[in-house]
Every structure is written in C-alpha cells, then in structure tokens.
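**Q** Structure provided below as structure tokens; questions to follow.
The values are calculated or read from the model by the stated rules, or taken from the named source; none is laboratory data. Predicted, not measured: the structure shown is a model, and the values here were computed from it. All Cβ positions, glycine included, derive from the backbone under ideal geometry; neighbour counts span all protein chains shown. Remember, those area values only see protein heavy atoms, side chains included, never the ligands or the DNA or RNA. Shrake-Rupley method; radii C 1.70, N 1.55, O 1.52, S 1.80 Å.
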Amino acid sequence: MILIDGKKTSQDIKNEIAARVAEIKAEGGKTPHLAAVLVGNDGASQTYVGAKVKACEEVGFQSTLVRLDSSVSEEELLKVVEDINENPDIDGLIVQLPLPKHISVDKVTNKIKPEKDVDGFTPANVGRMTLNWPAYVAATPYGIVELLKRYQIETSGKHCVVIGRSHIVGSPMSILMARNGYPGNATVTLTHSKTQNLAEICRTADILIVAIGKPEFVTADMVKPGAVVIDVGIHRIEDPSKKSGFRLIGDVKFDEVAPLASAITPVPGGVGPMTIAALLYNTLQSAEKKVFG
Ligand code: NAD
C-alpha cells in the first residue's frame, strides 16, 4: 500500500514555486502578488487567511490582506473587489468564505475578474475547466489531480467513483477525472445524497474519491481490494490523549480501509496540505500570464 503524502508533495510544490520566483526576480521581473480579502472576525477564516499570507512570504510572493468589518455593505465589498481587479500590480485575488449573511457570495464571486480568480470559483473558470481549456482549477480538486500525477496513478479506463457533488470538490473532481487528458479518461460515477446502493457502487471503484463530509463514512466493506482511495474529509474530534485535546479524521475509516487499498491519502497530511500549494501555483500562473494569455 502506498501512503500518498500530501505534506511532502505540497512542500515540493512550494519549493518549485520559490525557485521560479527567484528566477523571475533575478531576471528583473515583477514579484507575484496575491491579495486576500477577509470580512469579519471568524476564527477559522482568520487562521486560513493567515496561513495563506505566510505561505506567500515563504515562496517570495508579495501579499496584501484587506480586512473589512463584518458590517461592511455588499456594495462596499464589491467596490474593494473592483479596485483590486483594476490594480495592475495584483495578480491574484481571493475573498475568504464564508461571508456575512447580508452579502451575496454569488455576486461577489462573479465580480472577481476571471484573470485574477486564483481560487477558480468564477463561472468563467469553472466553464473553462469544463471545456478543458487552460483555467484556474479550485484548490482542492487541483491538489487531488496533482497528487494523482506525482504518484503516477493510472486513471485511463479506470472506474472512478466520487462521493459528494459540492461545487468546490465533488463536481469539479468528476469533470476533471472524465476529461480527455491525464489524470482523466476515467469512467466516472458521481454519487450524492439521493444515490441508491452507494456501497455497491463504491465496491466497483478503481479510484474512490470521498468528499461527503461525514466522519469515517467509508468502511472496508465499501472498498474494492486494490482501489486507490482519496479522502477529502476533515473532521476535528475530541481526543483527551492529545495535547491539543483533539485530532483530525477523514471521511474514510482509515485503519480498516488502508490495508485493502493500493494507495490512500491519510488525514491529516493528505489532500488538506495541498490547498495552499494550489493557490500559490495559480497565483504564479497568473503572474506569468499562463492561463488567460
Ligand atoms: P458538502 O457538505 O458541500 O457536500 C457533501 C456532499 O455529500 C453533498 O454533495 C451531498 O450530496 C453528499 N452526500 C451527503 N450525504 C450523502 C450520502 N449519504 N451518500 C452520498 N452522498 C452524500 O461538502 P464539501 O464542501 O464537498 O466537503 C466534504 C468534506 O471535505 C468535508 O469534511 C470538508 O470539511 C472537507 N473539505 C476538505 C478540504 C481539504 O482541503 N482537504 C477542502 C474542502 C472540503
């Protein structure tokens, strides 16, 4: 069984990005610049944005953090996005979610210039990805694709079952696995909350991608021996034996599924660490005008 190491892979990607940034700077080019907009004081959001800003420093990017009060109006936020859209020094723009209830996520997302949409959330980038055009692919699907690539997992002609159809994970993953390319060319079954006989369908999967958001939902009886298992779920559960008082588990019951699998991502240390690497990669692509030309 191969343990797919997302922590190491994400560090490899960050090192590659840092090396490229050093080259750009040595050639006298512009330093890639990511702007993050954070609305309100949500603890988790502050942690995520903080980690993104720190990662920018690590690879030599410039970063700008725009903090807005949770009482900011939708109009004011749209104006902030517009100003960043028009700022030629900024290559990538992310608006940290969730947003306060009085602000429409769709409106804000749609305001982001697709050329700077390094989260890959705008309709333009989702459409481009679907058409197999150059696109900013959302962080989690990008991270999974990169893990499959770097571990040289064969996908062509395989049966890939995806559990979950969210816009940020399951749906894009199903599109990427079915497209004509590598990784891709799989026969894909996208399952969701209305799917019948889920366990039976999962047992036919050569590649099982789980993004259901239910702790340890996938058990050994749902997995074909030799399958590749990608666990996207992250859940914090209490564990008094840990100093922090908690530990992280995934959507897959790792201890019983791992011995059956030919390759599997652990939680933590699998898909999770890849997200920031994906964001940095997309920002570098934008700085180098690789996606939209
Ligand atoms: P979501 O809640 O938006 O979607 C869950 C999906 O599971 C839905 O499409 C639903 O139809 C499906 N589902 C629910 N019950 C089902 C059932 N009984 N059978 C089949 N399908 C069922 O979740 P999400 O945003 O895609 O996230 C999924 C998990 O991944 C969560 O644990 C989340 O925390 C985690 N996550 C991790 C990362 C990462 O970087 N590793 C990124 C995003 C999400």
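**Q** Leaving out ligands, DNA and RNA, and with a 1.4 Å probe, what % of the accessible surface on the chain is carbon or sulfur?
**A** Numbers: 7360 of 13980 Å².
In the chain, the share of accessible area belonging to carbon and sulfur is 53 percent.
**Q** Over the residues of the range 1-60, compute the C-alpha Rg and express it relative to 2.2 N^0.38 Å. Please report the intermediate quantities before stating the final value.
**A** Numbers: Rg = 14.9 Å, N = 60, 2.2 N^0.38 = 10.4 Å.
In units of the globular-protein estimate, the range 1-60 measures up at 1.43.
**Q** What is the projected area of the convex hull of the Cα atoms of the range 43-199, averaged over all directions, in nm²?
**A** On the way: hull surface 45.6 nm².
Convex hull of Cα atoms, orientation-averaged projection: 11.4 nm².
**Q** Looking at the range 54-157, which trypsin sites (Lys or Arg not before Pro) are DSSP coil and have at most 14 other C-beta atoms within 10 Å of their C-beta?
**A** Those that pass, being in a loop and sparsely packed, are Lys101.
**Q** Any aspartates and glutamates with Cα under 18 Å of the Lys253 Cα? List them, leaving off those in the same chain fewer than 8 positions away.
**A** Asp5, Glu200, Asp206, Glu216, Asp221, Asp231, Glu238, Asp239
**Q** Next question. Convex hull over the alpha-carbon atoms of the chain: what's its volume per residue in Å³? Write down the numbers at each step before the final one.
**A** Numbers: hull volume 40.6 nm³, N = 293.
It comes to 139 Å³ per residue, whole-number rounded.
**Q** Over the range 216-261, one equal point on each Cα, no solvent: what is log10 I(q)/I(0) by the Debye formula at q = 0.14, 0.27, 0.30 Å⁻¹?
**A** Normalising to I(0) and taking log10 leaves -0.38, -0.91, -1.02.
**Q** Compute the longest continuous run of the chain that contains no exposed GluC sites (Glu not before Pro); treat a site as exposed when its DSSP state is not H, G, I, E or B and it has at most 16 other Cβ atoms within 10 Å.
**A** 155-287
**Q** Related question: Mind checking the angle between helix 139-150 and the chain's longest principal axis? C-alpha axes, 0 to 90 degrees, to the nearest 10.
**A** 60
**Q** Return the inverse of the average 1/r over all pairs of distinct C-alpha atoms in the range 27-113, which is the Kirkwood hydrodynamic radius, in Å to one decimal.
**A** 13.5
**Q** With N set to the number of residues, divide the alpha-carbon radius of gyration of the range 139-272 by 2.2 N^0.38 Å and report two decimals. Before the final figure, lay out the partial values.
**A** Details: Rg = 14.2 Å, N = 134, 2.2 N^0.38 = 14.1 Å.
For the range 139-272, the normalised Cα radius of gyration is 1.01.
**Q** If R₀ is 51 angstrom, what is the calculated FRET efficiency for the pair Glu256 and Lys290, using the beta carbon separation as r and rounding to 0.05?
**A** The pair Glu256/Lys290 has a calculated efficiency of 0.75.
**Q** Mind checking which lysines have their C-alpha under 20 Å from Lys107, skipping anything on the same chain fewer than 8 residues away?
**A** Partners within reach: Lys79, Lys116.
**Q** Note the full-extension length gain between Thr130 and Leu97 as 0.36 nm times their separation in residues minus their Cα-Cα distance, in nm to one decimal.
**A** Once the chain is fully extended between Thr130 and Leu97, it gains 9.6 nm.
**Q** For helix 274-287, report the angle its Cα long axis makes with the longest principal axis of the Cα atoms of the chain; keep it between 0 and 90° and round to the nearest 10°.
**A** 40
**Q** Under the rule of -39500 (n - 2.57) per DSSP H run of 4 or more residues, summed and divided by the residues of the chain, what mean residue ellipticity at 222 nm is obtained, to the nearest 500 deg cm²/dmol?
**A** About -11500 deg cm²/dmol.
**Q** Name the trypsin sites (Lys or Arg not before Pro) in the range 190-293 that are in a loop by DSSP and that have at most 14 other C-beta atoms within 10 Å, would you?
**A** Here the sparse-neighbourhood loop sites are Lys194, Lys242, Lys243, Lys289, Lys290.
**Q** Could you check the spin-label model distance between Thr187 and Ala44? Points 7 Å from the Cα along Cα→Cβ, value in nm.
**A** About 3.7 nm, to one decimal.
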